[in-house]
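What follows is calculated from the coordinates using simple rules that are stated; it is not laboratory data. These numbers were taken from a predicted model, which means no experiment stands behind them. Methodologically, a virtual Cβ is constructed for each residue, glycine included, from the backbone with ideal geometry; neighbour enumeration extends over all protein chains shown.
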Amino acid sequence: MKLNIQDTFNKELPADPNKNNIRRKVFEACYSYVTPRIPSNPKLIHVADEVAELLELERETNTDEFLHMFTGKSVYPKTSPYAMCYGGHQFGHWAGQLGDGRAINLAEIKANGQRWALQLKGAGATPYSRTADGLAVLRSSIREHLCSEAMHYLGVPTTRSLSLALTGDEVLRDMLYDGNQAYEKGAVVCRVAPSFVRFGNFQIFAARKDHKNLKNLADYTIRNYHKDINALDGKEKYIAFFQKVVDASLDMVIHWQRVGFVHGVMNTDNMSILGLTIDYGPYGWLEGYDPNWTPNTTDREHHRYAFGNQPGIVLWNLVQLANALYPLIEEAKPLEAILDGYQTNFDQKYVEMMAQKLGLAEINKDVEQLIEDVEQNLQLTETDMTIFYRELPRVQKKNTPQEAFQKIHKAFYKPLELAGSVTDAWTTWLTKYLKLLQTETDRDETRKFKMYEVNPKFVLRNYMAQLAIDAANKGNYEIINELYEVLKRPYNEQPEYEKWYAKRPEWARHKVGCSMLSCSS
Ligand code: AMP
Ligand code: MG
C-alpha cells in the first residue's frame, strides 16, 4: 500500500517532548506522539468505498496492510502518529485540557490533489485520556461510521469515515450511567478530514496565555487551509480567519436544521475549525418535530443542545473562539461586528433554506409568516419532520386545502389527534400555502423535484442505527451494508428501500439507543 504522506500538523507545530504515554497536562505543545494500541484480533466490518477512492485506496481495502494500518496493528513507515492537545467548554463551563483522549492521528496524505488527515478513533489511551480508557465500543462506532457518510451524502459538511473494524478486544461500559457495567465489543473507525483542529485547540493556548503557540496554530491553519488570506498582515489576517470560521459554522448549522440533525454535545471541543460536523456521539434525528428535543440523556434537564438551540449554541461557541483569538487581534470591535453578522446572516439564510424546503422561490413577509406557522403546526400533534417535508412536494396548485391535507397525512403519528383544532390549523396553513404556490412560476412537477433536492427521503433514524447495532452485536452486518447503500442517495426515491421511509416504529419510542443516548461510547 503506497500512501503519499504529506504531514503538516506534526511537522510545522511544536510537539510535546515527553514521549511517554502517561496521562498528564501538556504545555506549550500542539500534540503528543503516541502509538496506537495493538488490537488482539482486528476484523474489518465495513469500508466506505467512496472514501477509499477519495484516498486512492480502493484497490487496497482487502489487503492485510489496510486492515493493520486502519486498526492500529501497524504504523505506516516513516509516520509519527500523535494525539492533539485541546481544551473546551463543556455544557457551558470551561473544562481545561481535554485533548484527543481516544483519537490518534495517523498521518496526513495527499490523494487526488487533496489533503486528508487520517485518524483512528478508539485505538487506545493517550496522554489526554484523563480517567477513561481510550477505547470505543461497536455501537458508537457503527453510529459514527454510518452517520458521517450519511451526512456527507445529504450535503452537510462533515468529517468522513473510511472504515469500521472490530478490535477483537472487550470494552467495559456503563451504557446508561446507572451502575450496571458490562463488556461490549471494541471497535475502531478511521475518520478522514482535511483537518481535525477544533475551537478548543485555540482555546487551550488562550486559557494558558501561551500567545506564541496561539499564533503558531492560527498561522498554521491559515497557511494550510485558507491560502487566500495568508498574505494579509497582522490582525487583519486573524480577523479574516475568524470570519471564515463564522461563515463555515453558520453554513453547517443551517444544514443541520434543514435535515433535522441534532448533534447532542456541541461543546467547543466538538466544534471543527473548518465548520465540519465532528464527533458523532449521542446525536439523533428529529422524528416527531420538536425544537426542544435532544437525544442526549446528560442534557435531559437543561436541553442546552436541543434541536432549536443549535444555531444559538454555534454563536455561543463562536464567542468563545473570538475570546480565544482576541490576543492576536487586541480589538473587540471587529470581532463583535462579525458575531453580529452571524445573527443577521443566520436569519436571512434560515428563511432562504426554509423557503426552499417549502418550494417557494420568492421570499416576502407572507412567506416568513408561513415558515413561522409551519413550525408551530408541526408541534400540534406528533408529526414526522422528514416525512412531512418529503410528502409536501406532492401538493399541487389546483388542490383544495383538504386534498393537500390528505397528501401530508403519512407524517402524523396519531391520526386520532387530527380532529378539530389540529385539522383547522393545518387547513388554515394550507390555504395560505396554496395561495402562495399559485403565485409561483414553476409548474408543480418542477417545484416537486426542486423540493426533493433539499428534503431528504432517507435519514439515519435513531432506530435504524439501533437495528444495525443489534444485528452487528450478533455478528450480522447486513443492515450496516444496506443502510450505507440507502443513505448514499438520500434524495432519490429508491423504491426498493421503501421500508426505511417510515415513521419511527412504536417499539423504538422509549428504547435506549433510539430515543435516549448517553455519552457512554
Ligand atoms: P466528547 O465530548 O465525547 O467528544 O469527549 C470529551 C473528551 O473526552 C475528549 O477529550 C475525548 O477525547 C475524551 N474521551 C471521550 N471518551 C473517551 C474514552 N473512552 N477514553 C478516553 N478519552 C475519552
Ligand atoms: Mg469530542
Answer in debye to the nearest 20: the dipole magnitude of the chain about its Cα centre, from +1 Lys/Arg and -1 Asp/Glu charges placed on Cβ, is 800 debye
The stretch 362-439, dipole about Cα centre (Lys/Arg Cβ +1, Asp/Glu Cβ -1), debye to the nearest 20: 420 debye
The stretch 9-199 - share of DSSP beta bridges that are antiparallel (%, nearest 5): 95 percent
Using only C-alpha positions, report the orientation-averaged shadow area of the convex hull of the stretch 9-199, nm², one decimal. 11.7 nm²
So what's the back-of-envelope 222 nm ellipticity for the chain, counting only DSSP H runs of four-plus at -39500 (n - 2.57) apiece and dividing by all residues, rounded to 500? -12500 deg cm²/dmol
Hey, rough spin-label estimate for Lys410 and Lys209, points 7 angstrom out along Cα→Cβ, what's it come to in nanometres? 6.2 nm
Cross-link pairs Lys2/Lys235; Lys435/Lys511; Lys25/Lys237 - those with Cα-Cα distance over 32 Å: Lys2/Lys235; Lys435/Lys511
Using θ = phi - 60° and the Karplus form 6.51 cos²θ - 1.76 cosθ + 1.60, what ³J(HN,Hα) does each residue of the stretch 281-296 get, whole Hz, x for Gly and Pro? x, x, 6, x, 10, 5, 9, x, 5, 8, x, 8, 7, 9, x, 7
Per-peptide average of other Cβ atoms within 10 Å, ordering 285-293, 387-395, 335-343 highest first: 387-395, 285-293, 335-343
Less than 19 Å apart at the alpha-carbon level, and either on another chain or at least 8 residues along: which aspartates and glutamates does that give for Lys11? Glu28, Asp100, Glu108, Asp219
Put +1 on the Cβ of every Lys and Arg and -1 on every Asp and Glu Cβ in the stretch 8-61; which of Pro17, Pro36, His46 then has its Cα farthest towards the positive end of the dipole? Pro17
Just list whichever of Lys244/Lys410; Lys397/Lys503; Lys73/Lys227; Lys110/Lys474; Lys185/Lys488 have alpha carbons separated by over 29 Å in the model shown. Lys244/Lys410; Lys73/Lys227; Lys110/Lys474
